[in-house]
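Report on the structure given below.
The values are calculated or read from the model by the stated rules, or taken from the named source; none is laboratory data. Since the model is a prediction, treat every value here as computed from it, not as a measurement. Neighbour counts run over all protein chains shown; Cβ positions are idealised from the backbone, glycine included.
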Amino acid sequence: MSTRPGRSREQDAIRITTAGEGPQADLARRQRKYVIAMTIRTLCFVAAAATGAAGWHWVWPFFIAGAVFLPGFAVVIANVEDTRSTDLPLTGGGNAQRQLKAGPTPRD
């Protein structure tokens, strides 16, 4: 078995299934979460207007509070990182959270 230059057989294996998704997929996921939250916020405004006009004056403050505080929560929810499971052990051992280094590794 041959090894590439700069890489020894003793190095730990790297689990690529725990790698994060690409930048485009990550951005699409964040945008989707944010759009859903802002749709709920818009529905809160509509519901506040409808309940206020219907005479249910005790309900509309809850919808207004949801519409006011939801944008802050939406940003936090949209920016929550996607976590990958590392429950399965690596074949031959090794650290499942190890990351690839940028650029070539120094030779021994």
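Ala13 meets each of the listed conditions (1) modelled with pLDDT under 90; (2) surrounded by 13 or more Cβ atoms within 10 Å (Cβ to Cβ); (3) among the small types (Gly, Ala, Ser); (4) in a helix (DSSP H, G or I) apart from (4). Taking the criterion of being at pLDDT 80 or above and in contact with a His (Cβ under 9 Å, 6 or more places away or on another chain), would at least one residue in region 45-56 satisfy it? Yes.
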